Every structure is written in C-alpha cells, then in structure tokens.
Amino acid sequence: MANYIITGGAGFLGSNLVRRLLADGHSVTVFDSLVTGRRENIEGLEGDLEFVEGDIRDTAALLELFASKAFESVFHLAALPSVRFSFENPQEAHDVNATGTLNVLAVARAVGCSRVVFASSCALYGDETPPPISENASVKPLSPYAAQKLASESYCVLYTQFLGVPSVALRFFNIYGPRQDPASEYAAVVPKFLTCLLAGEAPVVFGDGEQTRDFVFVEDAVSALVLASSSLKAPGKVVNIGSGVETSINHLAGLAVSAAEVEVEIRHAPAVPGEVRRSCADITLARNVLNFNPETTLEDGLKKTLDFLTMLI
Ligand code: NAD
C-alpha cells in the first residue's frame with residue numbers, strides 16, 4: 001500500500017484515478033479547490049481517502065500537505081483546462097496552469113517526493129503535423145492554455161534533470177468517460193453529444209465534421225497515470241497518451257446516435273475559427289516506456305459513458 005496525492009482529484013480525470021488507486025488498496029489524498037471539480041465526484045467511496053480543500057497557488061498549503069506524511073507520488077492534474085477560458089483570462093490561467101505546476105514541483109523537491117506525474121495536453125502540438133503525431137513533432141501552442149502546459153512540461157523535465165524530482169509529463173489527447181461534466185460552458189464534445197441524445201435532441205457538429213480527434217477512454221488514461229508513477233524509464237520523459245485511433249467528429253456523432261438508440265438527424269453549425277483540423281497520437285513511446293495499452297474501443301467507452309449519464313437522470 002502506498003500514499004498518493006492527487007491535485008485536481010475532485011475533477012473528471014482525478015476522480016476516476018481516485019477510484020483506481022483506492023480499488024488497488026492505496027491511500028489517497030485529494031487536494032482540490034473545487035473550482036470545476038465536485039465533492040460528489042469522490043463522496044461515498046470505500047477506502048482510505050482524505051479530501052483537502054486548497055489551491056495550488058497557495059504554496060504554504062501545498063507544503064503543509066506534502067510534509068504531513070511520506071507520499072510515494074504526486075499526480076498533478078489540477079488545472080483550468082479550457083482553451084477558451086485561457087484566452088478570456090490568460091493571467092489567471094497562467095497562475096494556475098503554469099505557476100501552479102512550478103509550486104507543486106518546488107514543494108515536491110522540498111519534501112523529497114520521489115515522483116511527480118503531470119497531466120499535459122496534445123493542445124501544444126498546434127495544427128501543422130499530420131497524424132499520427134509523435135512526441136518529436138514540433139510544438140506550436142495556439143492558446144495560452146497550450147503555452148502554460150508547455151512551460152509546465154519544461155519544468156518537469158528540468159526538475160528531473162537538475163533539481164532531484166523525477167517527473168513525467170503525459171500529453172493527453174481527448175479523454176472522455178464517466179464524470180466528465182456535460183453542463184460546463186466549456187463542456188467537451190462527447191458529454192455534449194450524449195446529453196443531447198438523452199434529451200432526444202440531435203447533436204450539433206461544427207463545420208463539415210471531417211475534423212478528427214483521438215478519443216481515449218478515461219480508464220485507459222488512468223492506467224497511463226498509474227504506469228507513469230512506477231515506470232523506471234519514465235522520469236524526464238514527455239509521453240503521448242491517446243487511443244492511437246483517428247476519429248472524425250461525424251463518425252463520433254454516428255456512434256453516439258447508435259449507442260443512444262435514438263433516431264435523429266445530426267445538425268451542422270458554422271466551423272469554429274482556428275480549430276485544429278486533424279489530431280491523433282502516435283503512442284509508440286507510451287507502449288515502450290510505460291507498457292501502455294489502451295483497451296477500450298470508442299463503441300464500448302461511449303456505452304459506458306451513456307450508462308453513467310443515464311443513471312444521473
Ligand atoms: P477538470 O476540470 O474536471 O479537473 C481539474 C480539477 O482541478 C478540478 O477538480 C478543479 O477544481 C481543480 N483545480 C482547478 N484549479 C485549481 C487550483 N488552483 N487549485 C486546486 N485545484 C484546482 O478537468 P479534467 O478533464 O479532469 O483535467 C485534468 C487534467 O488533465 C488537467 O490538467 C487537464 O489540463 C488535463 N487534460 C485533460 C484532458 C481531457 O480531455 N479531459 C486532455 C488533456 C489534458
């Protein structure tokens with residue numbers, strides 16, 4: 001049994017990681033400001049779980065927690081993960097997404113923590129490289145959010161090389177699954193489509209729908225985090241995490257309609273300016289370094305997500 005901290009553990013990805021670690025018999029401490037995360041996401045779970053409400057901009061609060069017992073690893077997932085929010089509030093987004101990561105690394109160093117696993121994003125690839133996109137592709141942040149993730153990754157690499165904190169950054173592609181918020185104004189495409197369909201309405205596809213994404217089921221994303229916390233080859237690396245399957249939004253919409261078993265015509269709306277046209281991960285490095293092997297097909301993942309959303313109604 002090991003002790004883990006999860007910053008952002010009351011959010012979508014974090015609350016799924018909490019479940020996995022508790023099920024594996026570990027002790028988990030969640031540190032979350034609840035700005036987008038929810039207490040309900042981690043309530044009523046069996047196992048050794050502690051919740052600490054706090055903000056990663058507050059270094060003293062981080063230090064108090066990190067020094068409270070010996071933690072094997074810190075999963076640093078707390079962020080304001082919306083591209084649009086980062087354009088509207090670049091400085092606040094920077095304070096949380098970039099300075100917040102630096103705070104976590106600095107405090108991990110102060111207490112001698114042996115591993116930080118950081119949730120980065122495929123957003124920093126921009127739109128120049130055709131899929132499959134490997135970690136060697138050039139990075140071109142097209143938003144403050146992407147720039148903040150790139151800065152954070154760089155700190156993870158530097159802290160591994162020069163400051164004694166073995167860290168790994170996982171560049172997640174489009175994660176979906178239970179507990180992803182469908183109601184947020186920044187909601188992602190999968191929960192948006194599925195909640196529309198559950199209400200008997202047609203999902204709205206922006207543009208021609210032939211833009212592509214790599215949808216990775218949250219349980220596979222969680223497996224990658226767990227593997228990254230123990231892999232001896234991971235420290236200092238930046239690793240793509242996706243399904244490795246390129247899916248168009250039209251195809252996703254079709255699969256969502258079949259999963260929901262409703263008869264609706266998909267609606268189209270004008271394209272979103274500046275949207276990346278094609279995105280899909282090359283996951284060779286994740287296979288080699290982490291032994292990562294995504295197991296859930298998009299069809300199965302959509303069914304599981306739909307079952308979860310149905311339970312909430
Ligand atoms: P989420 O919004 O559900 O979770 C983020 C959590 O961080 C929330 O619980 C929120 O309350 C918390 N938080 C925000 N600011 C905080 C602060 N200042 N101090 C403490 N806690 C704070 O988002 P998510 O989808 O679960 O994303 C988790 C991580 O994965 C983020 O770092 C995100 O950038 C990254 N990521 C997610 C995806 C995806 O598809 N969901 C893709 C790439 C990267």
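The values are calculated or read from the model by the stated rules, or taken from the named source; none is laboratory data. No experiment lies behind these values; they were computed from the predicted model shown. Virtual Cβ from ideal backbone geometry, glycine too; neighbours counted across all protein chains shown. Accessible surface areas use protein heavy atoms only, side chains included; no ligands, DNA or RNA. Shrake-Rupley method; radii C 1.70, N 1.55, O 1.52, S 1.80 Å.
Quick check on my filter: what residues within region 258-300 are among the β-branched types (Val, Ile, Thr), in contact with a strand residue (DSSP E or B) (Cβ under 9 Å, 6 or more places away or on another chain) and part of a loop (DSSP other than H, G, I, E, B)? If you could, list the steps in order and put the result at the bottom.
Looking only at region 258-300, we keep the residues that are among the β-branched types (Val, Ile, Thr), and these are 262, 264, 266, 272, 276, 283-284, 289, 296-297.
From what's left, in contact with a strand residue (DSSP E or B) (Cβ under 9 Å, 6 or more places away or on another chain): 266, 272, 276, 283-284, 289, 296-297.
Matches in region 258-300: Ile266, Val272, Val276, Ile283, Thr296, Thr297.
This table checks each residue for (1) at pLDDT 95 or above; (2) touching a Gly at 6+ places or on another chain (Cβ under 6 Å); (3) open to solvent by less than 10 Å² (accessible area, probe 1.4 Å).
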{"position": "Ala187", "(1), (2), (3)": "no, no, no"}
{"position": "Gly207", "(1), (2), (3)": "yes, no, no"}
{"position": "Val216", "(1), (2), (3)": "yes, yes, yes"}
{"position": "Val222", "(1), (2), (3)": "yes, no, yes"}
{"position": "Leu225", "(1), (2), (3)": "yes, no, yes"}
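Filter region 1-20 down to residues that are more than 15 Å from the ligand (Cβ to nearest atom) and of a type in the set (A, V, I, L, M, F, W, C) and give me whichever is surrounded by the fewest Cβ atoms within 10 Å (Cβ to Cβ). Break it down stepwise before answering.
Our first condition is that a residue be more than 15 Å from the ligand (Cβ to nearest atom); within region 1-20, this holds for 1-4.
So of that shortlist, the ones also of a type in the set (A, V, I, L, M, F, W, C) come out as 1-2.
Numbers: Met1: 8, Ala2: 15.
By that ranking, first place goes to Met1.
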Might you let me know whether region 98-116 holds any residue that is surrounded by fewer than 17 Cβ atoms within 10 Å (Cβ to Cβ), closer than 19 Å to Gly274 by Cβ and either within 13 Å of the ligand (Cβ to nearest atom) or not acidic (Asp, Glu) (or both)? no
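If I filter region 246-260 for residues that are within 27 Å of Ala23 (Cα to Cα) and in contact (Cβ under 8 Å) with a residue 12 or more places away in the chain, do I get at least one hit? Spell out the reasoning first.
Keep residues of region 246-260 that are within 27 Å of Ala23 (Cα to Cα), which gives none.
No, because not a single residue in region 246-260 is within 27 Å of Ala23 (Cα to Cα) and in contact (Cβ under 8 Å) with a residue 12 or more places away in the chain.
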Can you tell me which residue in region 169-185 is least open to solvent (accessible area, probe 1.4 Å), limited to those that are polar (S, T, N, Q) and in contact with a helix residue (DSSP H, G or I) (Cβ under 8 Å, 6 or more places away or on another chain)? Gln180
